[in-house]
1. Out of the stretch 114-160, which residues are over 23 Å from Leu182 (Cβ atoms) and not aliphatic (A, V, I, L, M)?
2. Among Ser14, Ser34, which is the only one that is under 19 Å from the mean Cα position of the chain (by Cα), within 23 Å of Cys205 (Cβ to Cβ) and surrounded by fewer than 17 Cβ atoms within 10 Å (Cβ to Cβ)?
3. Take the residues of the stretch 177-195 that are buried (at least 19 other Cβ atoms within 10 Å of the Cβ) and acidic (Asp, Glu): which is nearest to Glu75 (Cα to Cα)?
4. In the set Ala83, Ala72, which member is more than 16 Å from the ligand (Cβ to nearest atom), crowded, with 17+ Cβ neighbours inside 10 Å, under 23 Å from Ile3 (Cα atoms) and not basic (Lys, Arg)?
5. Does the stretch 178-203 hold any residues that are among the hydroxyl-bearing types (Ser, Thr, Tyr), closer than 14 Å to Asp103 by Cβ and within 16 Å of the ligand (Cβ to nearest atom), and which are they?
6. Specify the residue that is nearest to the ligand (Cβ to nearest atom); the eligible residues are those in the stretch 213-245 that are surrounded by fewer than 19 Cβ atoms within 10 Å (Cβ to Cβ) and outside any helix (DSSP H, G or I).
7. Output yes when any residue across the stretch 138-147 is within 16 Å of the ligand (Cβ to nearest atom), more than 24 Å from Ile70 (Cα to Cα), crowded, with 17+ Cβ neighbours inside 10 Å and at pLDDT 95 or above, and no when none is.
8. Taking only pairs six or more apart or across chains, which ones have beta-carbon atoms under 7 Å, a first residue in the stretch 187-198 that is farther than 14 Å from Gly9 by Cα, and a second residue that is in a loop (DSSP other than H, G, I, E, B) and basic (Lys, Arg)?
Amino acid sequence: MPIIGIIGGSGLASLQGLSDASQRLQKTPYGEHSGILTTGNFNDRKVVFLARHGNPHVIPPHKINYRANIWALREVGAEKIIAINAVGGITAVMQPGVLAIPDQIIDYTWGRGHTFFEDGLNNVVHVDCTHPYSSDLRRLIIRAGDTCGISLMPQATYGATQGPRLETAAEIARMERDGCDLVGMTGMPEATLARELDLDYASVCMVVNRAAGKTGDMITMEIIEKYLGNCTTAVMRLLPELLNLL
Ligand code: HPA
């Protein structure tokens with residue numbers, strides 16, 4: 001059975017309910033990953049959990065060593081990766097509290113180590129990213145949602161911004177014109193690095209606020225934290241169902 005990697009984002013710095021857990025660090029050619037890798041059994045499946053921002057949550061999105069994270073997960077045997085990402089909602093259906101399973105990405109990030117294929121190559125490699133998330137894994141997540149009665153938005157385009165600041169209203173208006181439904185700071189280059197290593201990767205996005213300019217109000221940490229709590233509870237109900245299907 002393949003080991004399932006789980007990358008926890010904001011709101012999910014540790015995974016409760018792991019049995020026979022062991023912790024390790026993994027050497028990578030790209031330096032240090034975000035923190036301890038915790039391997040254990042979760043719902044009778046072997047999983048390895050990594051907190052993307054570290055535990056405690058101290059690594060901002062643009063400083064995350066995405067290459068080391070994905071490399072380390074692959075080194076310890078993960079073949080499939082479920083990423084949990086907190087996001088802002090751009091389109092009207094993406095209200096706080098919604099969980100969405102994105103199927104597309106637009107990348108607005110810059111300056112992040114974003115490929116494994118740059119040095120010491122015998123030939124240049126261009127990996128196909130037409131469908132950046134694993135369709136099989138997305139389908140299973142959606143089925144798990146049906147099974148446990150958690151409603152999920154089955155499609156969305158994720159716009160990845162650089163952070164750590166939130167966006168301006170004009171940036172969000174532009175992203176909406178571009179076709180983005182969601183905005184987050186951590187979806188890239190994580191997704192395409194997983195693709196470069198041929199790992200099945202999908203994301204469960206937790207909408208924790210309306211994106212900048214979508215309400216008359218500023219985006220506050222109180223709002224974000226309120227919805228992070230609600231969404232994380234739903235994700236923790238979804239995960240066991242999903243692991244049953246994998
Ligand atoms: N923008 C970018 N990233 C985010 C947001 C947002 O509004 N909310 C949570 N992560």
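1. Result: Thr115, Phe116, Phe117, Glu118, Asp119, Gly120, Asn122, Asn123, His126, Thr147.
2. The match here is Ser14.
3. Ranking the candidates gives Glu190 first.
4. That would be Ala72, the only listed residue that is more than 16 Å from the ligand (Cβ to nearest atom), crowded, with 17+ Cβ neighbours inside 10 Å, under 23 Å from Ile3 (Cα atoms) and not basic (Lys, Arg).
5. Ser203
6. Filtering the stretch 213-245 for residues that are surrounded by fewer than 19 Cβ atoms within 10 Å (Cβ to Cβ) and outside any helix (DSSP H, G or I), the one nearest to the ligand (Cβ to nearest atom) comes out as Ile219.
7. Checked against the condition, which is being within 16 Å of the ligand (Cβ to nearest atom), more than 24 Å from Ile70 (Cα to Cα), crowded, with 17+ Cβ neighbours inside 10 Å and at pLDDT 95 or above, the stretch 138-147 yields no hits at all.
8. Once the first residue is farther than 14 Å from Gly9 by Cα and sits in the stretch 187-198, its partners that are in a loop (DSSP other than H, G, I, E, B) and basic (Lys, Arg) give Pro189/Arg112.
The values are calculated or read from the model by the stated rules, or taken from the named source; none is laboratory data. These numbers were taken from a predicted model, which means no experiment stands behind them. Don't worry about glycine lacking a Cβ; one is built from the backbone with ideal geometry, like all the others, and counts go over all protein chains shown.
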